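Comments concern the structure below.
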Amino acid sequence: MKEIGGYFGLEELPGKEYHSAAIACNCGRSCLSLLLQGKQGMRLYLPYYNCDVVYDTCVRMCADIRQYHVDENFLPKIRDYDGGIVYVVNYYGILSDTELESFAQHYEHMIIDNSHDFYSKAVSYADSFNTCRKFFGVPDGAYVYSRKILKEPSKRSKVLGRMNSLVGRIEDGASPHYKEFQENDEKFDDEGVLGMSQFSHNILRAIDYDEVAKTRENNYRFLDDMLGNANLLKKNVKRVPFVYPFLTQRSDELRHHLISEKIYVPKYWNSRFENEFDMIEKEFSAQILPLPIDQRYSLEDMERVGRLVLDFLRGKKSC
């Protein structure tokens, strides 16, 4: 029975979600689990350059896993393909539609991990999924596209008690609540495959997606104008950018310097390389700095980031 009267809750926000045609889940690993259901007997080709969460999810779902390397353009290098599913990560949203479609023609089944490319929608040649929390301030949320009909999760995620890191960042800044953010992320392991929370649906309906895309693109171009000559990674992002991936041989020093200036730069996928030598994945993981360029920041903020990077590389002390 519907409740009438009493205190007010969060307002119902107007608008439409960007991925309204997709199945909405609580997180990316749930999207992946849905795509792998019924395919446990198939071989899965998984990149070394990937996060542990994806690897662990795939191990639970598929017994036959083979790992592969990527090349300097982030494209898969698969030897002796013998049928099965190829899992492709669209790193930093760098891979173009042309590259992905051309690659898909060689393989029977393909899953595209668009965690770094929120704005990519369904394609005819592959299954795919996007996640929300890397692009927007929501406690959960992901979208899955499949060429076959999938059964939607029957229950929704509940996020009551998991909002402190989001509200705390507004009121106190990021640092005091970063541990809570990490703890909330770990809770997805125990939650299972659920639908997206009503709270996140509400927030995601109200976002101006065109304005977000414009801001990200402008910030990316601004940083690239400043740092492009110093960036050892020459492949440009063709889509709405996730970050500005800056490749430098002085990454560790520069990362610590930026963090000391309250510019938070993570390190992605420092994981499963199995003692192999001369792997480009090691270089990417250690030396790419994902500089923030998202909708929270202005061109003045990008000027500060770019100046700090250039001054450091030139041996100057920042004011």
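The values are calculated or read from the model by the stated rules, or taken from the named source; none is laboratory data. Computed from a predicted structure; not experimentally measured. Because the Cβ atoms are built from the backbone with ideal geometry, glycine has one as well, and the counts that use them run over all protein chains shown. Accessible surface is based on the protein model in full, side chains and every heavy atom, while ligands, DNA and RNA are left aside. Shrake-Rupley method; radii C 1.70, N 1.55, O 1.52, S 1.80 Å.
Using a Gaussian network model of the chain in which every pair of alpha carbons under 10 angstrom is joined by a spring, one finds that among Ser96, Ser260, Ser165 the greatest mean-square fluctuation is at Ser260. The Rg/Rh ratio for the range 67-210 is 1.02, where Rg is the radius of gyration of the alpha carbons and Rh is the Kirkwood radius.
Globularity index of the range 1-70 is 1.74 (Cα radius of gyration / 2.2 N^0.38 Å, N = number of residues). Annotation: amide H-H contacts under 5 Å for Asp113 (H modelled 1.01 Å from N, sequence separation of 5 or more, or interchain): Val88, Val89, Asn90. Pairs from the list Lys134/Lys262; Lys16/Lys187; Lys179/Lys262; Lys121/Lys235 with a Cα-Cα gap above 24 Å: Lys16/Lys187. Short-range pairs are left out: with C-alpha atoms under 8 Å and at least six residues apart, the relative contact order of the chain is 20 percent.
Every pair of different Cα atoms in the range 18-151 enters the Kirkwood calculation, which places the hydrodynamic radius at 14.9 Å. Each residue of the range 236-246 was assigned a 3J(HN,Hα) from its phi angle through the Karplus expression (A = 6.51, B = -1.76, C = 1.60, θ = phi - 60°), giving 8, 6, 9, 10, 5, x, 7, 9, 9, x, 10 Hz with x at Gly and Pro.
Of the residues Ala213, Ala21, Ala104, the one that moves most in a GNM of the chain with alpha-carbon contacts below 10 Å is Ala21. Over the Cα atoms of the range 31-88, the radius of gyration divided by the Kirkwood radius equals 0.95; this is the Rg/Rh ratio. For Lys234, the aspartates and glutamates whose Cα comes closer than 13 Å to its Cα, not counting residues fewer than 8 places off in the same chain, are Glu72, Asp224, Asp225. The convex hull drawn around the Cα atoms of the chain, when projected onto a plane and averaged over every direction, covers 18.6 nm². Rounded to whole numbers, the Karplus 3J(HN,Hα) couplings from phi for the range 62-69 are 10, 7, 9, 10, 10, 9, 9, 9 Hz, using 6.51 cos²θ - 1.76 cosθ + 1.60 with θ = phi - 60°, and x at Gly and Pro. Per-residue Karplus couplings for the range 10-23, computed as 6.51 cos²θ - 1.76 cosθ + 1.60 with θ equal to phi - 60°, are listed in order as 4, 4, 6, 8, x, x, 9, 5, 5, 9, 5, 8, 8, 7 Hz, Gly and Pro entered as x. The DSSP beta bridges internal to the chain are antiparallel in roughly 50% of cases. Per residue, the convex hull spanned by the Cα atoms of the range 53-114 measures out at 93 cubic angstrom. Estimated from helices alone, the mean residue ellipticity of the chain at 222 nm is -10000 deg cm²/dmol (sum of -39500 (n - 2.57) over DSSP H runs with n ≥ 4, per residue). Seen from all directions on average, the range 123-174 presents a Cα convex hull projection of 4.8 nm². Taking the protein heavy atoms of the range 176-285 in the context of the full set of protein chains, the accessible area attributed to carbon and sulfur is 48 percent at 1.4 Å. Size check on the range 139-283: the Cα extents along the three principal axes, sorted descending, read 49, 40, 32 Å. About its Cα centre, the chain has a charge dipole of approximately 180 debye under the convention of +1 per Lys or Arg Cβ and -1 per Asp or Glu Cβ, with nothing else charged.
Between Met61, Met110, Met42, the Gaussian network model of the chain with springs among Cα atoms under 10 angstrom shows the greatest mean-square fluctuation at Met42.
Here, the range 157-196 yields an orientationally averaged convex hull projection of 2.9 nm² when only Cα atoms define the hull.
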